[in-house]
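Visitor: Here you go, one structure.
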Amino acid sequence: MTRKLRLGVNIDHVATIRNARGGDHPDPVRAAILAAEAGADGITAHLREDRRHITDRDIDRLMAEIDLPLNLEMAATEEMLAIALRHRPHAACIVPERREERTTEGGLDADGHRETLAPMVARLSDAGVRVSLFIEPSERQIDAAIHLNAPVVEFHTGRYAHRGGEARTEELKRIADCAALAVKNGIEPHAGHGLTFDNVIPVAAIPQIAELNIGHFLIGEAIFTGLDASVRRMRELMDQAR
Ligand code: PXP
């Protein structure tokens, strides 16, 4: 059981706002530094194939300028693998990616892509990068993660976050059961997507979950209260859940 629950702050949408006008402001690296001061345990950034938010230069700067571990979210492509191997971030989270989607919709089908993923997980692991697979909470996907020797899985909490009533309760149970199954098999479970002040506590209370990665809500809330207050409040709620 993991007691300390880490918070990874995803800064992609600081870059989204910057890119809306070109130029340098607001700077995602400055956001990462502020998030660290407010209690983040790690920084997460998704270098998408279309570079719609985070850019290659952002990754260069994050690697050089922040003290916290960087979790690089990446699609399972040769281009992204080469970038990850060049930078060797603390962690790489392999996510599915479709150009037309607005955000990462649904988890990676690790089971259906075992052949493509196996050499990728092996090469990243050999380079000392901690590999995480962003999957739906399902036994089939955990089984694939076990066979791929992935040390970490991150459960997609989108279905939990966007459903209500009974469906939400069922999804939460699925996440909790899968977190227990992952730990039983030596895999560290993380979770993320769509988490907010209003829905984070039940997920944070799942004792096996070691890390939450949260972005869109924190950056949106920062418009009203500032990034420091937004990250601190999330940290408080997560601590309250444990
Ligand atoms: N974890 C992963 C793997 C993601 O792709 C995302 C979204 O980029 C998140 C966590 C964070 O989701 P949100 O921005 O909805 O908090």
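Visitor: Once you compute Rg and the Kirkwood Rh from C-alpha atoms, what is the Rg to Rh ratio for the stretch 1-59?
Guide: Rg divided by Rh gives 1.05.
Visitor: If you add up the charges near GLY39, with Lys and Arg at +1 and Asp and Glu at -1, over every other residue whose beta carbon is less than 11 angstrom from its beta carbon, what do you get? Mind dumping the intermediate values first?
Guide: Numbers: positive: ARG6, ARG232, ARG233, ARG235; negative: GLU37, ASP41, ASP228, GLU236, ASP239.
Result for the local shell: -1.
Visitor: In nm, to one decimal, how far is the LYS4 label point from the ALA82 one, both placed 7 Å along Cα→Cβ?
Guide: Once both label points are built, they end up 3.8 nm from each other.
Visitor: Can you list residues whose amide H is under 5 Å from ALA92's amide H, if they're 5+ apart or on another chain and H is modeled 1.01 Å from N?
Guide: LEU72, ARG130, VAL131, SER132
Visitor: What per residue convex hull volume, in Å³, comes out for the stretch 64-168 when only alpha-carbon positions are used?
Guide: Details: hull volume 13.3 nm³, N = 105.
It comes to 127 Å³ per residue, whole-number rounded.
Visitor: Let me have the 222 nm mean residue ellipticity of the chain computed from DSSP H runs of 4+ only, each contributing -39500 (n - 2.57), with the sum over all residues rounded to the nearest 500. It would help to have the intermediate numbers written out before the result.
Guide: Working: 11 runs with 117 residues, N = 242.
The helix contribution divided over the chain gives -14500 deg cm²/dmol.
Visitor: Counting only protein heavy atoms and using a 1.4 Å probe, what share of the accessible area of the stretch 178-242 belongs to carbon plus sulfur, as a whole percent?
Guide: Numbers: 1450 of 2630 Å².
The nonpolar share, carbon plus sulfur, comes to 55 percent.
Visitor: For the stretch 139-219, restrict the atom set to alpha-carbon positions and state the Rg and Dmax in Å.
Guide: Cα only, the stretch 139-219: 12.4, 36 Å (Rg, Dmax).
Visitor: For the stretch 6-92, which whole-number percentage of the solvent-accessible area (1.4 Å probe, protein heavy atoms only) is attributable to carbon and sulfur atoms? Mind showing how you got there, number by number?
Guide: Working: 1850 of 3730 Å².
Exposed carbon and sulfur together represent 50 percent of the surface.
Visitor: Once Rh is set to the Kirkwood radius over Cα pairs, what Stokes-Einstein translational diffusion coefficient, in µm²/s, holds for the stretch 90-140 at a temperature of 10 °C and a viscosity of 1.306 mPa s? Before the final figure, lay out each step's value.
Guide: Working: Rh = 11.9 Å.
It diffuses with D of about 134 µm²/s by this estimate.
Visitor: Tell me, what is the per residue accessible area of the stretch 1-152 in Å², probe radius 1.4 Å?
Guide: Averaged over the residues of the stretch 1-152, the accessible area is 47 Å².
Visitor: Please report the orientation-averaged projected area of the chain, defined via the convex hull of its C-alpha atoms, in nm². Spell out each step's value before the answer.
Guide: Values: hull surface 48.4 nm².
The orientation-averaged projected area of the Cα hull of the chain comes to 12.1 nm².
Visitor: Please give me, ordered by residue number, the trypsin sites (Lys or Arg not before Pro) of the stretch 64-123 that lie in loop per DSSP and have at most 13 other Cβ atoms within 10 Å.
Guide: Numbers: sites: ARG86, ARG98, ARG99, ARG102, ARG114, ARG123; in loops: ARG98, ARG99, ARG102.
Within the stretch 64-123, the qualifying trypsin sites (Lys or Arg not before Pro) (loop, at most 13 other Cβ atoms within 10 Å) are ARG98, ARG99, ARG102.
Visitor: Filter the GluC sites (Glu not before Pro) in the stretch 64-152 to those in DSSP coil with at most 16 other Cβ atoms within 10 Å of their Cβ, and list the result. Display every interim value, and only then the final one.
Guide: Details: sites: GLU65, GLU73, GLU78, GLU79, GLU97, GLU100, GLU101, GLU105, GLU115, GLU139; in loops: GLU97, GLU100, GLU101, GLU105.
Here the GluC sites (Glu not before Pro) that fit, given the DSSP loop and packing criteria, are GLU100, GLU101, GLU105.
Visitor: A further question follows. Please compute the contact order of the chain in relative form: average sequence separation of alpha-carbon pairs under 8 Å and at least six residues apart, divided by the residue count, as a percent.
Guide: Values: 458 pairs, mean separation 52.1, N = 242.
Relative contact order, the chain: 22 percent.
Visitor: To the nearest µm²/s, what D does Stokes-Einstein give for the stretch 2-102 at 37 °C and 0.692 mPa s, using the Kirkwood radius over alpha carbon pairs as Rh? Before the final figure, lay out the partial values.
Guide: On the way: Rh = 13.9 Å.
Taking Rh from Cα pairs, D becomes 236 µm²/s.
The values are calculated or read from the model by the stated rules, or taken from the named source; none is laboratory data. Quick caveat, the model's predicted, so the values are computed rather than measured. Virtual Cβ from ideal backbone geometry, glycine too; neighbours counted across all protein chains shown. Please note that ligands, DNA and RNA were not included when accessible areas were found on the heavy atoms of the full protein model with its side chains. Shrake-Rupley method; radii C 1.70, N 1.55, O 1.52, S 1.80 Å.
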